[in-house]
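K.L.:
Have a look at this one.
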Amino acid sequence: MTALEREIDAPGDGLDRLRLVSTPFVPEVRLHLAEDAIVWWARMEAAAGRTLPPPFWASAWAGGQALARHLLDHPDLAAGRRVLDLAAGSGLVAIAAALAGAAQVVANDVDPYAVAAVTVNARANRVRVLAHQGDLLDEAGPQFDLLVAGDVLYDRKLARRMLPYLRRAAEGGAQVLVGDPDRGHLPAEALELVASYPVPTTEPSVDSAVRRVQVLRPC
């Protein structure tokens, strides 16, 4: 177990610690989540003595919850297939794909803490997920059957890079599913609706207890 994995899996109480809990909209999956991600972030930066990326992986984002729910409710989407969870964060969607019977699951993220969280969370759910660190968005479409991406259009700059990659993946033969709670960076003509879910929100700084989240695919 790496040092980052030990930190994520460390027992303890308080706002600056993680807890292994059931995901609100996907109770079949347990994740190590922050009681308060901002407080946890501050403690980790103080311990590291340097700036760290925001711990997006320490919250169960609405887009990922909807996408994980969709996979578990429609296991034929993932069963027996090679699955890539792009910008995986906690690994929630990757774990759901594994529980749905995927033949292979890779969870990709640029943040080394997210990679460690995926590894720890997959272990807690007794599934096999390969965690991969790196930026894939300038590469050709992935060699997978299914690409899943939860809450990846949260700012305009990222959306401009993400959407062409998703299109390349679809054009290369992959089925592509995106979970998006309408953060305002989704071109109406780029994706079409597959399903819609009312998802309990657990992420920081939200003004509603429930968000309407769409599962979408490239047109």
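The values are calculated or read from the model by the stated rules, or taken from the named source; none is laboratory data. Because the structure is a prediction, the values reported are computed rather than measured. Cβ sites come from the backbone with ideal geometry, for glycine too, and all protein chains shown count toward neighbours. Just the protein is used for accessible areas: all its heavy atoms, side chains included, with ligands, DNA and RNA removed. Shrake-Rupley method; radii C 1.70, N 1.55, O 1.52, S 1.80 Å.
K.L.:
Considering L177, L166, L153, L137, which residue is in a strand (DSSP E or B), open to solvent by less than 40 Å² (accessible area, probe 1.4 Å) and not aromatic (F, W, Y)?
P.N.:
Matching residue, one of L177, L166, L153, L137: L177.
K.L.:
Ok, one more. Can you pull out the residues in the range 126-153 that are of a type outside the set (A, V, I, L, M, F, W, C), over 26 Å from P181 (Cα atoms) and at pLDDT 90 or above?
P.N.:
R126, R128
K.L.:
I want to confirm something. Restricting to the range 180-216 and keeping residues that are charged (D, E, K, R) and either at pLDDT 95 or above or farther than 25 Å from R82 by Cβ (or both), which single residue is least open to solvent (accessible area, probe 1.4 Å)?
P.N.:
Per the stated criteria, the residue is E203.
K.L.:
Quick test of your reading of the structure: A116 fulfils all but one of (1) surrounded by fewer than 23 Cβ atoms within 10 Å (Cβ to Cβ); (2) in contact with a Leu (Cβ under 8 Å, 6 or more places away or on another chain). Name the failing condition by number.
P.N.:
Failing condition for A116: (1).
K.L.:
While we're looking at this one, here's another question. So which helices (runs of 4 or more DSSP H) are wholly in the range 1-101 and hold at least 1 residues that are more than 16 Å from the chain's Cα centre (by Cα) and of a type in the set (D, E)?
P.N.:
Those helices (runs of 4 or more DSSP H) span 3-9, 37-48, 62-73.
K.L.:
Now, a different point. Please enumerate the residues belonging to the range 65-82 that are open to solvent by 10 Å² or more (accessible area, probe 1.4 Å) and small (G, A, S).
P.N.:
Within the range 65-82, A79, G80 qualify.
K.L.:
Another one. Can you find, within the range 45-64, the residue that is most open to solvent (accessible area, probe 1.4 Å) among those that are aliphatic (A, V, I, L, M) and touching an Asp or Glu at 6+ places or on another chain (Cβ under 9 Å)?
P.N.:
A47
K.L.:
Output the qualifying pairs, or none if there are none: Cβ atoms under 7 angstrom, residues six or more apart or on different chains, first residue in the range 120-148 and over 24 Å from H32 (Cα atoms), second residue of a type in the set (D, E, K, R).
P.N.:
L137/R161; A140/R168; G141/R168; G141/E171; F144/R82; D145/R81; D145/R82; L146/R81
K.L.:
Select from the range 102-113 the residues that are closer than 24 Å to R19 by Cα and either in a helix (DSSP H, G or I) or open to solvent by 40 Å² or more (accessible area, probe 1.4 Å) (or both) and list them in ascending order.
P.N.:
Residues satisfying the conditions are V110, P112, Y113.
K.L.:
Kindly establish whether L18 is crowded, with 20+ Cβ neighbours inside 10 Å and over 17 Å from P200 (Cα atoms).
P.N.:
For L18, the condition - crowded, with 20+ Cβ neighbours inside 10 Å and over 17 Å from P200 (Cα atoms) - is met.
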